[in-house]
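Following: one structure in structure tokens, then a few remarks.
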């Protein structure tokens, strides 16, 4: 008899779905199939935005399984959603070892197809990524799962959800650019024309920094780029706590921008180009450079989602009116009789 064993997969920051602690009964002669099951959820293509790993086929993940001695039990395989089984599964069926002394270690990354390396000499260090170009791979939300080690079919059994394969985002995400006014301006109009990121690092190497948890860190290369995040024309109308979201998708092709985690400096800038139209119909073009370390106050960090808000304001022209007092002129007193006939 074939029994299906489930491995639940979620994409989140340390979010584990609740499940019952049921054990699979391994009777003699049973084969326990290793499969993967995920909570169904809708996500935008490429970007995983919730705690559910996509089941619509837009994203698949890769897995490698080693035994306790570092021998390869399952070589690198793509894991896809099986609609018939309502689980995630590999194209080839794999089964749990019968011996209780043989344990398995699970490693997973997403999306399948990115270039990752599992150090054969130091498997416990997990995956490495070398020379990754974020700017050229905006359709790939890089994630690495926490290692699941020392598992047997019994120790891994965890009810219908099975063993949680918890993915962590390894990039940073610029989710939105919002604009507003600091107060109402009845006779002036501000229009945003262009926003660019300047001097941003887009290539780097990822290595694990905390064994078994895949906290990880990126080392950026010297490759930098200028990214046009918005190009068009949007009038800024909302005031204070209310905001207008710029349509960055029209420029980028995505409604987000993935960033390489990195230390930000005053030499990296956000370029903002806008115009001011005043009551006299005079239009003034304005270009400013804002240091990124004034925006990202804690650097650009792994697994962080950012919304940038730009608040525009004007200095009203006012008049401080005063009058110069009359000065005393010089006169001479005259005798009127001196001028009588």
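For region 261-280, name all the residues that are within 24 Å of the chain's Cα centre (by Cα), farther than 25 Å from residue 207 by Cβ and in a loop (DSSP other than H, G, I, E, B). Lay out the reasoning, then the answer.
Initially, region 261-280 is screened for residues within 24 Å of the chain's Cα centre (by Cα), giving 261-272.
Next, from what is left, pick out any that are farther than 25 Å from residue 207 by Cβ: 266-267, 269-272.
Within region 261-280, 266, 267 meet the criteria.
Restricting attention to region 129-139, the residues being buried (at least 17 other Cβ atoms within 10 Å of the Cβ) and either more than 18 Å from the chain's Cα centre (by Cα) or at pLDDT below 95 (or both) number 1. Any chance region 231-244 includes a residue that's surrounded by 13 or more Cβ atoms within 10 Å (Cβ to Cβ) and within 19 Å of the chain's Cα centre (by Cα)? Checked against the condition, which is being surrounded by 13 or more Cβ atoms within 10 Å (Cβ to Cβ) and within 19 Å of the chain's Cα centre (by Cα), region 231-244 yields no hits at all. State whether one or more residues within region 174-194 are surrounded by 14 or more Cβ atoms within 10 Å (Cβ to Cβ), in contact with a helix residue (DSSP H, G or I) (Cβ under 8 Å, 6 or more places away or on another chain) and under 23 Å from residue 303 (Cα atoms). No, the conditions are met nowhere in region 174-194. Could you check, for region 39-59, whether at least one of its residues is surrounded by fewer than 17 Cβ atoms within 10 Å (Cβ to Cβ), at pLDDT 90 or above, more than 24 Å from residue 152 (Cβ to Cβ) and within 24 Å of the chain's Cα centre (by Cα)? No, region 39-59 contains no residue that is surrounded by fewer than 17 Cβ atoms within 10 Å (Cβ to Cβ), at pLDDT 90 or above, more than 24 Å from residue 152 (Cβ to Cβ) and within 24 Å of the chain's Cα centre (by Cα).
Looking only at region 90-113, decide whether some residue is exposed (fewer than 13 other Cβ atoms within 10 Å of the Cβ) and touching a strand residue (DSSP E or B) at 6+ places or on another chain (Cβ under 6 Å). Yes - at least one qualifying residue is present in region 90-113.
Return a yes/no flag: does region 251-260 have any residue that is at pLDDT 95 or above, touching a helix residue (DSSP H, G or I) at 6+ places or on another chain (Cβ under 6 Å) and in a strand (DSSP E or B). Among the residues of region 251-260, not one is at pLDDT 95 or above, touching a helix residue (DSSP H, G or I) at 6+ places or on another chain (Cβ under 6 Å) and in a strand (DSSP E or B), which makes the answer no. Scanning region 60-76 for residues that are within 14 Å of residue 111 (Cβ to Cβ) and assigned to a strand (DSSP E or B), we see that the one that is farthest from the chain's Cα centre (by Cα) is 76. Among the residues of region 282-335, those identified as under 30 Å from residue 218 (Cα atoms), in contact (Cβ under 8 Å) with a residue 24 or more places away in the chain and in a loop (DSSP other than H, G, I, E, B) are 295, 296, 299, 301, 302, 303, 304.
The values are calculated or read from the model by the stated rules, or taken from the named source; none is laboratory data. Values in this document were obtained by computation on a predicted structure and should not be read as measured data. Neighbour counts run over all protein chains shown; Cβ positions are idealised from the backbone, glycine included.
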